[in-house]
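A short write-up of the structure that comes next.
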Amino acid sequence: MWYIVECEEGASLYYGFSKEISKEEFVERIENQTLLEVLNRVEVQKGDVMFIEPGTIHAIGRGNVTYWVYA
């Protein structure tokens, strides 16, 4: 779980895929630095709480101060 302590305007988090991709496409996108194009991007605001299912790809975008809770 992530709690957004502070964030800049337009800050975001990434989690999960926006479409199904193959292992080959995953590797290709990492090599080509295009993985963000197929990840879900969610804009956040101070005080937002996000629960990310275990095993889900995720990343904290620029401009966030987060508190991470492992449950």
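The values are calculated or read from the model by the stated rules, or taken from the named source; none is laboratory data. These figures come from a predicted structure and were not determined experimentally. Cβ placement follows ideal geometry from the backbone for every residue including glycine, while neighbour counts extend to all protein chains displayed. SASA here: full protein model, heavy atoms, side chains in, ligands and nucleic acids out. Shrake-Rupley method; radii C 1.70, N 1.55, O 1.52, S 1.80 Å.
Values as computed for the structure displayed
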{"item": "Top-ranked residue in region 16-32 [being within 25 Å of residue 50 (Cα to Cα) and assigned to a loop (DSSP other than H, G, I, E, B); ranked as most open to solvent (accessible area, probe 1.4 Å)]", "result": "20"}
{"item": "Pair list, Cβ under 8 Å, 6 or more apart: region 21-32 residue aliphatic (A, V, I, L, M), other residue surrounded by 10 or more Cβ atoms within 10 Å (Cβ to Cβ)", "result": "21/29; 21/38"}
{"item": "Selection status of residue 67, within 13 Å of the chain's Cα centre (by Cα) and part of a strand (DSSP E or B)", "result": "no"}
{"item": "Tally of residues being assigned to a strand (DSSP E or B), open to solvent by 70 Å² or more (accessible area, probe 1.4 Å) and without any contact (Cβ under 8 Å) to a residue 40 or more places away in the chain across region 33-51", "result": "2"}
